[in-house]
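Contents: one structure, followed by commentary.
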Amino acid sequence: MTPGWPRRLRSLAIGGAFLVLLAACTSDGEENGPTAGATGSTGTSGSSAPEPMRLEVLVDNVEYGGDAGTDAVIDAIDADIVGVLESYNRLPEIAANTGYPYYDVSLQLLSKYPIHEPSGAEGRYALIEVRPGEVVAFFNIHLDYVKYGPKLLGNGQPVRDVLASEDEVRTSALDEPLRLMDGLIAQGYPVIFTGDHNEPSSLDWTEATAASRPDVQEVVPWPVSEAILGLGFHDTYREAHPDPVADPGITHEIVDDRIDYVYAAGPIDTLESQLVGEEGGPDVEIGFQPWTSDHRAVLSTFDVTPVPMPVMVSVSQALLTQGDPLTIAYRSSGSDGTVTIVPPEGDPGSAVLTEDVSGRSGSFEVDTAELEPGGYDAVLSGGDGAELARVGLWVRDPDAVIQVSTDRPSYRVGEPVVVSWTDGPANRWDWIGVYRAAKSDPKVDSYLIWNYVGEHAAGAVPPSVEGSMTLDETVMGNPWPLPPGRYVVHYLVVDRYRSIGSATFEVTR
């Protein structure tokens, strides 16, 4: 750690870590904005409107789940919220090791404050309750690494072709998140967006950098950064360090670019942004020895004005196994009502569980051993019976085993292969790999063609227990088309080579 960097005492006790998933919003557009539920909601000063507060945010790609070294960095920095990349399903362990009381495996977030996933967010962002009844919106997205733009430029591809490739691989994955961000900004929310975007910023590839850096040959309007900045976001590191020649802020030395970001929009001001990395590293302001990740991290400090929390219902886990603990919490617009658990899109009349609730907010426990495996909605209704909010959840069979299949047993050369799966583990960065049948052990043999289960948008979409993909000329790897022969398609977990399910097929002339 850099000499003189103060270690702040942690204000929250270790323990009690759990994932809080929220469902917010009503069918009434006026109730769905940041002023929803504002009556009686006060800031810490007692005023009717929230007061500004200081908030520290860290983005940290810990590399393949991280280790004791990356845990030590997160613990020492002690940011209020951490967007963690490549944490996979180790995030609960990271939270326990670093003392964060709230975490969200799907969104890869650690937080000192309750994490809520609102309905209408499609599992793509959280509302962080930074003070009781007051929230900020938070996105954390990891974009695909394939077809890295600067490498293509270095190989002689023209800029227009490289930008088209970037749009196909990365910018397209942000279509829905950017739509949601735009709506939140328009409603007055402070919005924070962390991520590893695997693309440089157009703020860094300027005429000045092209004149000073041999790896930057020309000005390039990198489309991911252009799309984000176009919504009114501020690149917080570049705000604090406006000269990309004096302060490149490289976050990945192998690609020699700044590809990890903390963006902010709405009622939020950047006070400071610092590069975190190896002791003595270029532009590193907060140094550690050892440094165990292949990425440097970014810590940004804000003066943010949160907004009143909307009407909501939340579940402590959106995806759980039968028998797991489940906490349901709510924030209502009135003094009484009910929370029911119903089949997906069902009404309270089809409830399998009903809980009477009173007061504007509260919570209760559910025995999931009494719920049959499958999908449900938790629905909050007011005292008059009108639906106020709902959130989905999925209860898995503890004995379920993933099922992998192809739509046909045999294909002619060049015909697309549709691979489907059910009862999957719902991890980001799970992937499908195709192997020759004679060499089909992923631990020792090489794959031929492959794709993430979320394809190029794998780090930007909520994980799902079921899905399908089409293997065709757009697939990663080679060869395509597959030559005649027998093949095994594996479902492999969290960017590694552990198969949990497979199917066979053949290709004929």
Worksheet item: Cα centroid distance between region 352-414 and region 110-158, in Å?
Response: 24
Worksheet item: Ordering Tyr100, Tyr497, Tyr113 from largest to smallest accessible area (1.4 angstrom probe), what's the sequence?
Response: Tyr497, Tyr113, Tyr100
Worksheet item: Where the accessible area of region 326-387 is counted over protein heavy atoms with a 1.4 Å probe, how much of it, in %, is carbon and sulfur?
Response: 43
Item to complete: Pull out the extension gain between Asp175 and Val159, defined as 0.36 nm times the separation in residues minus the alpha carbon to alpha carbon distance; nm, one decimal.
Response: 3.6 nm
Worksheet item: So how much slack lies between Val146 and Val219, counting 0.36 nm per residue of separation and subtracting their Cα-Cα distance, in nm?
Response: 24.1 nm
Worksheet entry | Accessible solvent surface per residue of the chain, calculated while the other protein chains remain in place, 1.4 angstrom probe, Å² | 40
Discussion item. Counting only other residues whose beta carbon sits under 15 Å from that of Ala437, what net charge do I get with K and R as +1, D and E as -1?
Written reply: 0
Fill in: Apportionment of accessible area to carbon and sulfur, region 393-472, percent (1.4 Å)
46
Practice prompt. Jot down the per residue volume, in cubic angstrom and as a whole number, of the convex hull over the alpha-carbon atoms of region 49-136.
Written response: 90
Worksheet item: Say each of Glu279 and Ala49 gets a label point 7 Å from the Cα, pointing the same way as Cα to Cβ; how far apart are those two points in nm?
Response: 4.8
Discussion item. Tell me the carbon and sulfur percent of the accessible area for region 116-244, rounded to whole percent, probe radius 1.4 Å.
Written reply: 53
Practice prompt. For Cα extents along the principal axes in Å, several values are listed as (1) 67, 58, 39; (2) 83, 51, 44; (3) 76, 56, 41; flag the one computed from this structure.
Written response: (1)
Item to complete: Can you pull a Stokes-Einstein diffusion coefficient for region 242-362 at 20 °C (1.002 mPa s), Rh from Kirkwood over Cα pairs, as a whole number of µm²/s?
Response: 112
Worksheet item: Magnitude of the Cβ-charge dipole of region 189-336, K/R +1 and D/E -1, about the Cα centre, nearest 20 debye?
Response: 680
Discussion item. Debye calculation, C-alpha points only, no solvent: report log10 I(q)/I(0) for region 330-374 at q = 0.26, 0.33, 0.34 Å⁻¹, in the same order as the q values.
Written reply: -1.01, -1.18, -1.20
Worksheet item: Once the other residues with Cβ under 14 Å from the Cβ of Ala137 are scored (Lys, Arg +1; Asp, Glu -1), what is the net sum?
Response: -4
Worksheet item: Phe364 to Ala386: FRET efficiency via 1/(1 + (r/R0)^6), r the Cβ-Cβ distance, R0 35 Å, to the nearest 0.05?
Response: 0.95
Response to the item:
Per residue, the convex hull enclosing the alpha carbons of region 395-453 has a volume in Å³ of 127
Practice prompt. Counting helices only, and only those DSSP H runs with n ≥ 4, report the 222 nm mean residue ellipticity of the chain as the sum of -39,500 (n - 2.57) divided by its residues, in deg cm²/dmol to the nearest 500.
Written response: -3500 deg cm²/dmol
Worksheet item: Say each of Ala437 and Ser464 gets a label point 7 Å from the Cα, pointing the same way as Cα to Cβ; how far apart are those two points in nm?
Response: 3.0
Worksheet, complete the sentence: In the neighbourhood of Gly359 defined by beta carbon distances under 15 Å, the net charge of the other residues (Lys, Arg +1; Asp, Glu -1) is -1
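The values are calculated or read from the model by the stated rules, or taken from the named source; none is laboratory data. For clarity, every value in this text was computed on a predicted model and none was experimentally measured. Every residue, glycine among them, receives a Cβ derived from its backbone with ideal geometry; neighbour counts consider all protein chains shown. Heavy atoms of the whole protein, side chains included, go into the accessibility calculation; ligands, DNA and RNA do not. Shrake-Rupley method; radii C 1.70, N 1.55, O 1.52, S 1.80 Å.
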